1. Only residues that are facing chain A (nearest Cβ under 7 Å) and either out of contact with any Leu (no Cβ under 7 Å at 6 or more places or on another chain) or modelled with pLDDT under 80 (or both): list them for region B:265-290, please.
2. In region A:173-200, what residues are more than 18 Å from the chain's Cα centre (by Cα) and within 13 Å of chain B (Cβ to nearest Cβ)?
3. Can you confirm whether B:Thr103 is more than 10 Å from chain A (Cβ to nearest Cβ), touching a helix residue (DSSP H, G or I) at 6+ places or on another chain (Cβ under 9 Å), at pLDDT 90 or above and over 23 Å from A:Ala281 (Cβ atoms)?
4. Would you mind listing the helices (runs of 4 or more DSSP H) fully within region B:45-158 where at least 1 residues are under 30 Å from A:Tyr263 (Cα atoms)?
5. Among the residues that make up region B:145-165, is at least one of them of a type in the set (Val, Ile, Thr), open to solvent by 10 Å² or more (accessible area, probe 1.4 Å) and closer than 30 Å to B:Ile200 by Cα?
6. Could you grab me the full set of residues in region A:102-128 that are in contact (Cβ under 8 Å) with a residue 12 or more places away in the chain, more than 7 Å from chain B (Cβ to nearest Cβ) and open to solvent by 10 Å² or more (accessible area, probe 1.4 Å)?
7. Taking B:Phe47 as the residue in question, decide whether it is away from every other protein chain (no Cβ under 12 Å) and surrounded by 14 or more Cβ atoms within 10 Å (Cβ to Cβ).
8. Just the residues that are in a helix (DSSP H, G or I), under 14 Å from the mean Cα position of the chain (by Cα) and crowded, with 18+ Cβ neighbours inside 10 Å, please, taken from region A:259-291.
Amino acid sequence: MTTSQPLSPAPRRARTGRWARTPKAPYLFILPYLLIFLTFWAWPIVSSFLMSFKDSRLGADAPYALSNWSRLTQDEFFRTALRNTLVILVIQVPLMLSLATVLAVALNSKLLRAAGWFRFAFFAPLVVGTVAYSAVFRLLFNTDFGVVNRALTGIGLPAVDWLNQSGPAMSVIILAMTWRWTGYNAIILLAGLQGISEDVYEAASIDGATPTQQFWKITLPLLRPTLLFCMVLSVIGTLQLFTEPALITNSGPGNATMTLGTYLYQQGFRSFNFGYASAIAYTVAAIAAVFSIIQLRLFGRET
Amino acid sequence: MTARPQVAAHDSPGVVARRRTSAFWLHLALLPLALLFLAPLWIMAVFSTHPETAIFSPNPPLWFGGAFLENFRGLQADTNFIRTLFNSTAIATLYTVFSMLLTSMGGYAFAKFDFPGKNWLFGLILATLTIPAFVTIIPQFILVARDLKLSNTYWAVILPTLANTIGIFYMRQAFQTVPSDLLNAARIDGASEGRIFWQIALPIVRPALAALAILLFLASWNDYLWPLIVLTQKDSYTMPVALGTLVGLTRVSWGGIMVGTAIATIPFLALFLSLQRHFVAGIAGGAVKD
């Protein structure tokens, strides 16, 4: 497993040495990936942590201190961003995953005709880039010209100033994310469903279990590992939410849809305050870790 | 489209009737939902063919018009769209080729060799998988822009994203299906390790490679945040970055944006959906272990 000794090349004569007997090919195969992985992924993870303790506005040789972290605890904008992110997370992820589960079960049903066309509909948003669909959603929810308000007034309901009120703006972002990512989760869940043996359902029907009972007692428990996977990915994705609030609502109105993602971007790449942005980034990582542990504890017991 | 098993002949009339009723409700529930999922795409495609006056008229069009070229010319004038189209294609292609090469070589080694440090290395890669990409974005920027001075180049966009951890897991799983006896037989015949990989192992996992290639291409094609950070000159923009600058403006040219988003989306939609079956298998292969 682990190498207790460093893999230094033994002298060429020592043909019976450990290094001589070690095959070289696997290392050569891994080397290119490993170089990129270490340079552009592993090292930045460490570097970002170190940077969060430096006041980058003082230059590269600033002393290590806790100033960024103490600033975080008092920063009102950070609190707003954190709260908005968590509100979106708590509403959007359960909404999307329950819809995706129901969809996956429906798409997997033997009763469904034209299953290919239905899959087409639900998987299509997956291909749309975030910028493209942000533009479309901004147009759809335009107060004066948007199709959504036209439809609302058409059936006698009042028009909503979607993008200029905090509650409606949040719901537009939640709707947009749900529209885009439900199909993706449904694909993964569908694949999970297809891994469940037909025999289990047949045995259950013979014993007289109704479809509803089968869903709760068979499908959901057997789908749990897949659901857990979807949940962890969705939580990590939502914690980094950037494009939708940046392009649909421009973090507004006021800072009502500012997220940790847009705040990090603003601090890092508008104010070039790298140290402080790193502290925000590590907060995202810490929250992601906490959520992952909770999810594993709650849902990953026997997996 | 999959062939669905028909109702079994020996079922009683009551069971058949009950099946018909539930099938009816199933379709009744799914159909509006499916239309809701398709509606934004339909509106995007239709609006790209109408002048702005029609888009903002009291009765917005629901069918295609004739202003596509006019909208495209406006878009081209605003963003040098053809240039950004070229940039996006070049970046996504280079990224896909290099990423496939790196992850398939690495995945092959993890799947088909035993070597000192293997578990330790794989554990390291596994451990970083749940870390949000956001954590690395600032050091990556400093590395690429300040240390390597690559801002506004294709490599600035490509290099950091090549560290694709999901890809290496996916390829490792694909190569685990290749029989080791086959590789050993080639070794006995005196084939070099490189040749065994290139001419025997790689062709066997071709379906997995195809699915991965399209997912990688799509991810790169649609990526927004990282290109936005490292590309600062208009001529180096990728398509999402160029469209993003338009959307961010207060005076928005919606006809042009709809053309841009339609061009960015519809060819891939067609490709993706024609290969749908591979994706269900492909995404599942990457997602669900054991």
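1. B:Thr265, B:Leu269, B:Phe272, B:Leu273, B:Gln276, B:Phe279, B:Val280, B:Ile283, B:Ala284, B:Ala287, B:Val288
2. Once the filter is applied, which keeps residues that are more than 18 Å from the chain's Cα centre (by Cα) and within 13 Å of chain B (Cβ to nearest Cβ), region A:173-200 yields A:Leu190, A:Ala191, A:Gly192, A:Leu193, A:Gln194, A:Gly195, A:Ile196, A:Glu198.
3. So B:Thr103 does not fit the description; no.
4. B:68-79, B:81-112, B:118-127, B:137-141
5. Yes, that holds for at least one residue.
6. Once the filter is applied, which keeps residues that are in contact (Cβ under 8 Å) with a residue 12 or more places away in the chain, more than 7 Å from chain B (Cβ to nearest Cβ) and open to solvent by 10 Å² or more (accessible area, probe 1.4 Å), region A:102-128 yields A:Val105, A:Asn108, A:Leu126.
7. So B:Phe47 fails the test.
8. Across region A:259-291, the qualifying residues are A:Leu260, A:Gly261, A:Val284, A:Ala285, A:Ile287, A:Ala288, A:Phe291.
The values are calculated or read from the model by the stated rules, or taken from the named source; none is laboratory data. The structure displayed is predicted, hence computed values, not measured ones. Note that each Cβ is placed from the backbone with ideal geometry, even for glycine, and that neighbours are counted across all protein chains shown. The area values use the complete protein model at the heavy-atom level, side chains included, leaving out ligands, DNA and RNA. Shrake-Rupley method; radii C 1.70, N 1.55, O 1.52, S 1.80 Å.
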